[in-house]
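Input: a single structure, listed below in structure tokens.
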Amino acid sequence: MKNLLIIYPHWHPANLAGVHRPRLIGNFLPQFGWHPIILTVKEEFFEEVPDLDFKRTFKDHFEVHRVNAFPLGKIRIFGDIGIRSFWQLYRGAKKIIAAKEIDFIWIPIPSYYPSLLGRMLYSKYKIPYGIDYIDPWVRDMKNYPSSGLRQRLALKVAQFLEPIAVKRASLISGVAKAYYQGVLDRNDKVANKVDVAMPYGFDPTDHDIKLDIETPWNHEKNVIPYIYAGAFLPNSVSFFHKFFAVIKGFKDSNQWNDHIKLYFIGTGLYPGKTIQELANDYGLSDVVIEKRDRLPFLNILYYLGQAQGVLAIGSPSPHYTASKIFQSILSKRPVFAFFHEKSTVVDILRECNADQFLMTYDENKSDKDLNARLENLLRSYFLSEVNWNVKLESLEKYSAKASAKSLVGGINKALEIRNV
């Protein structure tokens, strides 16, 4: 079996979205002839609240090596754990390479800075490496109109460092090709390398893990709960304005069922108004409940399955693909989804017959048309009887197992090219 060294600063018990990428891929790598060796950071250096149940979603075959990191200190100069652990990860990688044969190095980003380790280790050992784009590094700031000095500085740093990191990469991968297409366009040396797009996917056994917990609405009488679980994206604000405007219209015209409550869970910290504040502006303080703290992954899966329906609201960006769409569908609850018509989420929903309440955005269509379609869709979703019949078997090609197979195919191809 070949050895794949995966460098990612976070690992369980840190329940961050990025951790799911190497977890889900790694859960299935041995089925395709690769042994996952994880180089990560010791948990005492994580800022996140530990999620102890999260470990139950990891298979036993991971070989995990943990290193130290520089502590945050009283003055928080560098919070990014990829910076705080950079040299420790480099030394840790050298120790692993000295102890065993490593056939390939794979570095999911963000954190973005460890991607430079691929270039450094290649220069020293000539071990081929790949960089996996969970999110773009060099961003189009048009999607971030409120960006300040810090964001603009981060962009300048990214524009300088990314070409260095990717120059010797044998493989570029990502959750969707749009996430790394700009990398290929900007870097001639990389454009001719192997690239592979594969979604996060899902591990169906996650949903078999049982918890004995309460829901956020456990003590609410006669509540009809709908849930949005996950981060609130700053560039999705326009979608939330339209969504809340329609709900306000239902309330003002006495069409709304007062027992319906909308729970926004784990939305996180972000600039600008919170979801709760946006909802309050529309007079929906008695309808919307926001809990911004990040919650354990398995708790979220349980809440999704217990809700009346699931809300999946994306952004106007065509490249945005939400990994949480798989958990939403697998909850077996009706899903209202709002995404750009070119998002890969749209294809996923349609293929598994989960597009009954799919709202697509097209920047070339008028706001009047969009608002009318949204009102009709939400009326059917919230105020009519719903018959939900999803074809879960159609999701198999989007599973983490399928993604692991795609990644291995890309790595093997990169190795073949290198050996020619």
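The values are calculated or read from the model by the stated rules, or taken from the named source; none is laboratory data. Please read these numbers as outputs of a predicted model, since none were measured by experiment. FYI the Cβ positions are ideal-geometry reconstructions off the backbone, even for glycines, and counts take in every protein chain you see.
Results, tabulated for the structure shown:
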{"item": "Checking Lys397 against (1) within 24 Å of the chain's Cα centre (by Cα); (2) under 24 Å from Val175 (Cα atoms); (3) touching a residue at least 24 places away in the same chain (Cβ under 8 Å), the condition it does not meet", "result": "(3)"}
{"item": "Meets criteria (of a type in the set (S, T, N, Q), touching a Lys or Arg at 6+ places or on another chain (Cβ under 7 Å) and either touching a residue at least 40 places away in the same chain (Cβ under 8 Å) or exposed (fewer than 12 other Cβ atoms within 10 Å of the Cβ) (or both)) for Asn387", "result": "no"}
{"item": "Helices (runs of 4 or more DSSP H) fully within the range 1-102 counting 3 or more residues that are more than 21 Å from the chain's Cα centre (by Cα), aromatic (Phe, Trp, Tyr) and in the same structural domain as Arg119 (by TED's automatic domain parsing)", "result": "86-99"}
{"item": "Cross-chain or 6+ apart pairs with Cβ under 8 Å, the range 30-46 first and under 16 Å from Lys59 (Cα atoms), then among the basic types (Lys, Arg) and in a strand (DSSP E or B)", "result": "Gly33/Lys2; Trp34/Lys2; His35/Lys2"}
{"item": "Residue within the range 313-320 that is surrounded by fewer than 22 Cβ atoms within 10 Å (Cβ to Cβ) and closer than 27 Å to Asn254 by Cα present", "result": "yes"}
{"item": "Unique match (being over 26 Å from the mean Cα position of the chain (by Cα), in a helix (DSSP H, G or I), farther than 30 Å from Leu5 by Cβ and touching a residue at least 60 places away in the same chain (Cβ under 8 Å)) among Leu374, Leu370, Leu415", "result": "Leu370"}
{"item": "Residue in the range 220-235 that is assigned by TED's automatic domain parsing to the domain that holds Ala312, modelled with pLDDT under 90 and more than 22 Å from the chain's Cα centre (by Cα) present", "result": "yes"}
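Listed here are the residues, each with its yes/no results for (1) touching a Pro at 6+ places or on another chain (Cβ under 7 Å); (2) aromatic (Phe, Trp, Tyr); (3) within 30 Å of Glu341 (Cα to Cα); (4) touching a residue at least 40 places away in the same chain (Cβ under 8 Å).
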| position | (1), (2), (3), (4) |
| --- | --- |
| Lys126 | no, no, no, no |
| Pro163 | no, no, no, no |
| Lys189 | no, no, no, no |
| Tyr200 | no, yes, yes, yes |
| Asp203 | no, no, yes, yes |
